[in-house]
1. Pick out the one residue from Lys164, Lys195 that is modelled with pLDDT of 95 or more, within 22 Å of Glu321 (Cβ to Cβ), under 24 Å from the mean Cα position of the chain (by Cα) and of a type in the set (Lys, Arg).
2. Select from the stretch 3-19 the residues that are more than 21 Å from the chain's Cα centre (by Cα), in a helix (DSSP H, G or I) and of a type outside the set (A, V, I, L, M, F, W, C) and write down the one among them that is farthest from Leu59 (Cα to Cα).
3. From the residues in the stretch 74-95 that are modelled with pLDDT of 95 or more and either assigned to a helix (DSSP H, G or I) or open to solvent by 40 Å² or more (accessible area, probe 1.4 Å) (or both), which one is farthest from Asp33 (Cα to Cα)?
4. Tell me, which residue of the stretch 339-348 that is crowded, with 19+ Cβ neighbours inside 10 Å and part of a loop (DSSP other than H, G, I, E, B) is modelled with the lowest pLDDT?
5. In the stretch 176-194, which residues are open to solvent by less than 90 Å² (accessible area, probe 1.4 Å) and closer than 17 Å to Val252 by Cβ?
6. Yes or no: Gly328 in a loop (DSSP other than H, G, I, E, B) and either loosely packed, with under 13 Cβ neighbours inside 10 Å or within 24 Å of the chain's Cα centre (by Cα) (or both)?
7. Picking from Phe67, Phe34, which residue would you name as being of a type outside the set (Ser, Thr, Tyr), in contact with a strand residue (DSSP E or B) (Cβ under 6 Å, 6 or more places away or on another chain) and either buried (at least 19 other Cβ atoms within 10 Å of the Cβ) or in a loop (DSSP other than H, G, I, E, B) (or both)?
8. Looking at the stretch 3-29, I want the residues that are farther than 22 Å from Ala319 by Cα and have a partner that is polar (S, T, N, Q) and open to solvent by less than 30 Å² (accessible area, probe 1.4 Å) with Cβ atoms under 8 Å, at least 6 apart or on another chain. Which pairs are those?
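The values are calculated or read from the model by the stated rules, or taken from the named source; none is laboratory data. What you see is a predicted model, and the numbers here were worked out from it, not measured in a lab. Quick reminder, even Gly has a Cβ in these numbers, built from the backbone with ideal geometry, and neighbours come from all protein chains shown. Only protein heavy atoms, including side chains, enter the accessible area calculation; ligands, DNA and RNA are left aside. Shrake-Rupley method; radii C 1.70, N 1.55, O 1.52, S 1.80 Å.
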Amino acid sequence: MLMNYPRARRLMAEKRLDALFFRNGQNIAYATDFHNLGEGLPTRPFGAVIFADQGVPPLLVVPSVDFRLAKRESHVHDVRAYVRAEKVSDADKNFYLDFFSAVQDGFRERKATGNRLGYEEAFLPAPFFEQLRAALPNCSWVPASELIAQLRAVKSADEIAHLKRSAEINIKAHESFRDAVRIGATEQDLALAAKITMLREGAEKVAFIFIGSNETRGFAHNIFPTDVPLKRGDFVKVDMGCLYRGYESDFVRSYILGEATDRQKEVYKALDEGSMAIGMYLKPGRSCTDVYNWGFKFMTDRLPGYAREFLGHGIGLSAHEEPRLHEGNPMTIEPGMVICIEHSFYLD
């Protein structure tokens, strides 16, 4: 199970919430163990609800075309479907006419129609939210995106296992990339080598591969690799990640075709030492702001002109999650958080 239910109930109690209503696909996967890419279609909404009262079962609402899969994959027993793509199935002949009537019925049966609900204000389009409020007119709605981010920041044992495997696959992909780096190769060649390895090793998807191989491309997230041949002296930076069971990996490697300059070696050494030092400074009880300020000073003492706005981030179902290591973030580091140290120095 991905979600830490005791932590969720504790956070809900602190905010006096009766339930959390999820519409975002990653949050639904987190709450129910049901992953589905179809949730991105605006005409096929998904929804999940978990309740603070342990005696009230969670609810999952899906389009009818996804009903059988949801019943098989999710730990949620109460899965309800509404008519989309398929009017009936061999598993159920009584689908709801629309998403909102399925939600309404689920709340009515739980006698939860007057609940105080936390919701993802960042992910609910206004027209959808208005329909939802009309379906549950006696519920009060409390913005809870920050609470949900705090909930997901501490990983369960299953999540950590998925993240570890995702990172292991990414390491092998970086090895394939490095083996392909040679004079005359193109960014497209390098990207293909990494993609093949990711899929062969068990990733279900390539999350991203950003390659920069000259002075005009080394600093940006370049989505489209070029067919320009590499030449001696080129600096090659690659930021890549894959998905394993929905969980991301994310880290960068840098290469020189030929001999690195003294300046390049100096910068690389400082960044490498900084990554280790920042990682070792992460301790339960320290705030993200404290970690950022300490790490920023560590780096500016070694690299004048260092200008990184953040030094790392949480990672999980999304490549960038809380805790985000930046100035002004009061979130406290806790055991079970998984943090990607990510900093850089754009040279000359």
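1. Among Lys164, Lys195, only Lys164 is modelled with pLDDT of 95 or more, within 22 Å of Glu321 (Cβ to Cβ), under 24 Å from the mean Cα position of the chain (by Cα) and of a type in the set (Lys, Arg).
2. By that ranking, first place goes to Glu14.
3. His77
4. Among residues in the stretch 339-348 that are crowded, with 19+ Cβ neighbours inside 10 Å and part of a loop (DSSP other than H, G, I, E, B), the one modelled with the lowest pLDDT is His343.
5. Answer for the stretch 176-194, where residues must be open to solvent by less than 90 Å² (accessible area, probe 1.4 Å) and closer than 17 Å to Val252 by Cβ: Ser176, Phe177, Ala180, Val181, Glu187, Leu190, Ala191, Ala193, Ala194.
6. So Gly328 passes the test.
7. Residue meeting the stated conditions: Phe67.
8. Correct list of pairs: Asp18/Asn115; Ala19/Asn115.
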